[in-house]
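So the structure is just underneath, and the comments pick up after that.
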Amino acid sequence: MTEPLITARGLSLVAGRLTILNDISLAIHRGEIVTVIGPNGSGKTTLLKALLGLIRIKGEIVRRPGLRIGYVPQQYAPDPSLPMTVHRFLDLFAGHAAGCAALERVGIADAHDRQLATLSGGELARVLLARAIAAKPDLLVLDEPLSGVDISGEAALYHLIADLRDELSCGILLVSHDLHVVMGKTDRVVCLNHHICCQGAPHAVAQDPAFLELFGDRSDLKLYPHHHDHAHSPSGAAIHDH
Amino acid sequence: MIIDDFLWRAGLGASVLAAACGPIGCFILWRRMAYVGESVAHMGLLGAALGLLMGVNALLGTAALAVIAALVMARAADRTIPAGTFVGIVGHIGLALGFVVLSLMETVRTDLLGYLFGDVLALTDRDLIAIAAVGIVVLGVTAVIWKPLLRAAAGGPIAAAEGGSSPLAQTGFLILTAVLVAFGLKVVGALLIVALLIIPPAAARPLAKTPEAMAIRAAILGAAAAPLGLAASLGSDAPAGPCIVLAAGALFALTSIAAAISSSALAKKAR
């Protein structure tokens, strides 16, 4: 494989007596979608922030020289005191034509002249995605990018994200807790719970004991053809009858 | 009516200073940093006291301590501890210490009120030239670092993650804020200088659809508040610094009410 876009080795972060990240090593290559999944508080966002250089952390992070990053944060609330239209917001980070094309691409071209602070959660999520792709990044980093987007829009946007990978031939690092939509489009799933529990292709990870321990049996995800051979207890655990 | 020289100086000095405060104040608003500005101003009072104590000058001491405080406090905002609380603690310690030091110095004890609320009517020609120079430099530098500052204000963590917010511009912004605070100490005092930084931009907000329009209108409203406040002070015999702040507050109330009326009129039209 070619040289990775970004490589992290031995990332560790301890806050007080709490280990937030423990010896994480990760590399992302051009053209692959890597999805980090994990329960709430498992360190997903912290890992992303560390990779982006937003927090200081023990370990080594090597970026390919000149790496262009497009970042969609999990939380972003434009301050209502700042008067700014959507297109002006995009212009700040990329050229005007690129911004318009990106708005079109995420299906929100009509928001061009709206004020940022008046957008709904779903509209804002699309605008943020448009902004991130407008500058043609090498690496797209998406932290729960579609919170606030309705279900049908969500599926369409995940298709779009997969298409963007091909169009921009960029690497994509995605954090999500929504296993349903994520797993199908992902090349590699990294299952995080302060340390990397398991990683690999979605169908392999879904059968990994570490994954099952964190998420339970998620054969409902329909990642591979299989026969449903068990029932579920009220707690969600699998009960095998043979 | 004869307008005395000191009134001209006061009006011009306060106007120029308030105009320079407008655009920088917009960033303080957009980035929700009002409490940092306030604490920098409080530390400025300690700077003035230390400057007098060491026999240099009050302005130099204020500027030095305000710059240091601004740089240190902005770093505190990056930590996970409640930054607002930390900044508030440091600022109030500075204010209290400054007050104590000033009150221990027999010769300046009478000027205490002046440091807290300003003494704009005492501006000299040299003060006026200094304020004019500061105003031009602040506005010029703000224009130069406008785009990276705006990117950071609009994008927050996005700009930082993608490398779009220049750390140099951020430092420049903090130094400009500190310099305005230092010169504002003479005009409206340590307790009220932040008002000149945040009230005119807030008053300008309903009048603007772009960040640039808001900055320009904030500068104009600030500059207008100075003569209005001075006139009110003259008419009522009330202290000038607080009257200038009150005038800015009146402008804020006016634009807020106008905005509320026009938006409810729009809502009626839509129905």
Kindly provide the set of residues from region B:160-169 that are within 8 Å of chain A (Cβ to nearest Cβ) and assigned to a helix (DSSP H, G or I), ordered by number. B:ALA160, B:ALA161, B:GLU162
Restricting to region A:113-128, what's the tally of residues that are away from chain B (no Cβ under 12 Å) and hydrophobic (A, V, I, L, M, F, W, C)? 3
Any residue in region A:32-39 that is in a helix (DSSP H, G or I) and under 17 Å from the mean Cα position of the chain (by Cα)? no
Taking helices (runs of 4 or more DSSP H) that do not extend beyond region B:1-79, which have at least 1 residues that are acidic (Asp, Glu) and under 17 Å from the mean Cα position of the chain (by Cα)? B:34-53
Residues A:LYS44, A:LYS49, A:LYS58: which one is basic (Lys, Arg) and within 14 Å of another protein chain (Cβ to nearest Cβ)? A:LYS49
Quick check: is even one residue across region A:26-36 acidic (Asp, Glu), more than 18 Å from A:PRO145 (Cα to Cα), touching a residue at least 24 places away in the same chain (Cβ under 8 Å) and surrounded by 15 or more Cβ atoms within 10 Å (Cβ to Cβ)? no
Region B:193-207 residues that are closer than 14 Å to B:ALA224 by Cβ, paired with ones that are outside any helix (DSSP H, G or I) (beta carbon under 8 Å, 6 or more apart): B:LEU196/B:VAL188; B:PRO201/A:SER81
Can you go through B:LEU149, B:LEU121 and tell me which one is surrounded by 24 or more Cβ atoms within 10 Å (Cβ to Cβ) and either part of a helix (DSSP H, G or I) or more than 14 Å from chain A (Cβ to nearest Cβ) (or both)? B:LEU149
Of (1) under 24 Å from A:TYR158 (Cβ atoms); (2) not in a helix (DSSP H, G or I), A:ARG56 satisfies all except one. Which? (1)
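Give the number of residues within region A:78-112 that are assigned to a loop (DSSP other than H, G, I, E, B) and facing chain B (nearest Cβ under 9 Å).
9
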Restricting to region B:184-220, what's the tally of residues that are under 11 Å from B:ALA20 (Cα atoms), surrounded by 21 or more Cβ atoms within 10 Å (Cβ to Cβ) and more than 14 Å from chain A (Cβ to nearest Cβ)? 3
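Each reported figure results from applying straightforward, stated rules to the coordinates on display, with no laboratory input. Bear in mind that the values here come from a model prediction, so they are computed numbers and not experimental data. Positions of Cβ are generated from backbone atoms using ideal geometry, with glycine treated the same way; all protein chains shown enter the neighbour counts.
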